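The values are calculated or read from the model by the stated rules, or taken from the named source; none is laboratory data. All values reported here derive from a predicted model rather than from experimental measurement. Methodologically, a virtual Cβ is constructed for each residue, glycine included, from the backbone with ideal geometry; neighbour enumeration extends over all protein chains shown.
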DNA sequence: GTGAAAGCGCTAACAC
DNA sequence: GTGTTAGCGCTTTCAC
């Protein structure tokens, strides 16, 4: 093609990559025989371009292996194409938790089908302002907050000047001013507890998550609701904090209290894992003596020793959904404040 | 300074943020009474600026809450301040693995003390070229490859046009042309196995990792070396693939084979976890009947049922180190092809 | 439908 | 040590 270049016009250079030179939009335009504007239009999928021109540009792009320069594009368009996933710094455990990875996977995968790029922002506790400055400084088009702790208040404020979506409800009120993606914690706990009642258990205890977090409180509420719906009396309650250790510790207290129970709803699989260990150490068989259900279908729930009967909260889907919501927000669409991700009971061997 | 502004020159506006207007470098310069260049110099920490000017600029920055625009900065400087962490798409398990999160944590934390931003790039298997284009298109200053599989060959090639560091050796040869950060797998396996020999065990079996991966092969080699050093005969060998299930399956085969053994080195804690489950199911006590050591001090090794005697490979440190190496590479320093991250034996209850 | 011209906010020679 | 002058590569009015 264009092998016989006459002396006259045409720019042979436009067709040959001068080795090591990154092609620019202008080169593409030249090679396609159109103006830079038209080339830009084609790249950005604008209509109002003849198919002829469009084809020529695309051909040139392929030929030159053209890749748009993000910095230039962002500068001119005043968009960054970057969205931040903000994670808390401290909890060393947080990163090792399968929840983190799975969530990120869902988010990254959803994002990879767009022009957006995900950046992981570790919220420095030593210098919280650094994170805020980065977010507010026009470095990102939006943010996903993947934390649940005290500092959340700051992010709620941040939401006033930047599209922000929370994975799970932040503690503080102001429900009206924040976007949240989460499962229905009350319903999930209700379902897990109802399963225990449905299988004939009469005294259902619970180990709660941190009651400082809405997930903890809501799951406790779900437990209450299911018990009431089944016409039972609430069994003993022990408070955990969603950590691995707290599950076993709470189970120990439950046993030590002497209050009898033949079923147990634990607010998370991570806690259920150690709670069951404690039950076994005390000679209680699961599910024969104590049937156990929980929430999260992660490693702890699928562990080889015993597959738990649990509520799968589709963490990867949650990650994808939160991205979805953020994208809508960024593009100016109207979005529900609360987006509920479906969850479902998965039967295992613990109940 | 410049408090008494006369009617004449000076721009009072420079001191007041016109509400909702993002301050630019020019505004900072104006407010500080210097040229844009000087302001830029101060921001970029260049020397050759009087402290007076420097102070004035910094004061203006604080007053205006100035944050540099990354796009503009990147465009002008031809740097992106972005480094990509490339992870494989497929292995859904990969993300849920504590290794992933812990590694990312280390990398992100190290990076947060720099001006660089980390972006997570999920290598699409459907369209591998997309990942390559993104990386080659001048979108990032460097890349960390956190995969170990077949596709690695592509990244090795990529390393020719972009600073790239691998977490763990890619399979393919060409050791001379790639930067790698890893523990000494041979030494780690040797140490874990030597511990078994040192505690008086005489027949040490092993469950290997995938022998398609250098980590798998090297750990097997370490096992061999330790056994030879102890003057023992090699025990039975079963091949796993680093997956959770493969550990249990390999242990079953080991038992089924009838070959006796009183110790077992498993190439990863993840596999050791299920392998021990299998041993127990067959009435073998750990460590009484079979002493077990492994590699990785993650959740699987610290599980509440039994803390394993294992080699901690300091995954977070590895993440930080790999960033360190990449940063050096980017800044043009000479770096060793291979950087070894220290590892150490941690005693538990399994051996 | 297409192009010309004007920047986006910053860094980097190059003079002074 | 500091300012002036050009762009970086792209999007985007605004005419045509």
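Within region B:109-130, take every residue that is in a helix (DSSP H, G or I) and in contact with a helix residue (DSSP H, G or I) (Cβ under 7 Å, 6 or more places away or on another chain) and give me the one that is nearest to residue A:61 (Cα to Cα).
The initial filter retains those residues of region B:109-130 that are in a helix (DSSP H, G or I), namely B:109-111, B:128-130.
Add one more test, that the residue is in contact with a helix residue (DSSP H, G or I) (Cβ under 7 Å, 6 or more places away or on another chain), and what stays is B:109-111, B:128.
Details: B:109: 38, B:110: 37, B:111: 34, B:128: 18 Å.
Checked region B:109-130; the qualifying residue nearest to residue A:61 (Cα to Cα) is B:128.
Being buried (at least 24 other Cβ atoms within 10 Å of the Cβ) and in contact with a helix residue (DSSP H, G or I) (Cβ under 6 Å, 6 or more places away or on another chain): is that true of residue B:273 here?
Working: buried (at least 24 other Cβ atoms within 10 Å of the Cβ): yes; in contact with a helix residue (DSSP H, G or I) (Cβ under 6 Å, 6 or more places away or on another chain): no.
When the stated conditions are applied, residue B:273 does not pass them.
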- Test residue B:94 against the criterion of being buried (at least 22 other Cβ atoms within 10 Å of the Cβ) and at the interface with another protein chain (Cβ under 9 Å from one of its Cβ atoms), and give yes or no. no
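Residue-by-condition table, conditions (1) under 19 Å from the mean Cα position of the chain (by Cα); (2) part of a helix (DSSP H, G or I); (3) more than 16 Å from DNA strand D (Cβ to nearest atom):
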{"site": "B:56", "(1), (2), (3)": "no, yes, no"}
{"site": "B:60", "(1), (2), (3)": "no, yes, no"}
{"site": "B:68", "(1), (2), (3)": "no, no, no"}
{"site": "B:75", "(1), (2), (3)": "no, yes, no"}
{"site": "B:83", "(1), (2), (3)": "yes, no, yes"}
{"site": "B:86", "(1), (2), (3)": "yes, no, yes"}
{"site": "B:99", "(1), (2), (3)": "yes, yes, yes"}
{"site": "B:132", "(1), (2), (3)": "no, yes, yes"}
{"site": "B:144", "(1), (2), (3)": "yes, no, yes"}
- Query: Considering only region B:282-310, how many residues are facing chain A (nearest Cβ under 10 Å) and either under 25 Å from the mean Cα position of the chain (by Cα) or within 16 Å of residue B:250 (Cα to Cα) (or both)?
  - Reply: 5
- Say we look at region A:16-47 and pick out the residues that are more than 14 Å from chain B (Cβ to nearest Cβ), near DNA strand D (Cβ under 9 Å from one of its atoms) and modelled with pLDDT under 90; which of these is nearest to residue B:139 (Cα to Cα)? A:44
- Please work out which one of (1) modelled with pLDDT of 95 or more; (2) within 14 Å of another protein chain (Cβ to nearest Cβ); (3) under 19 Å from the mean Cα position of the chain (by Cα) is the condition residue B:279 fails and give its number. (3)
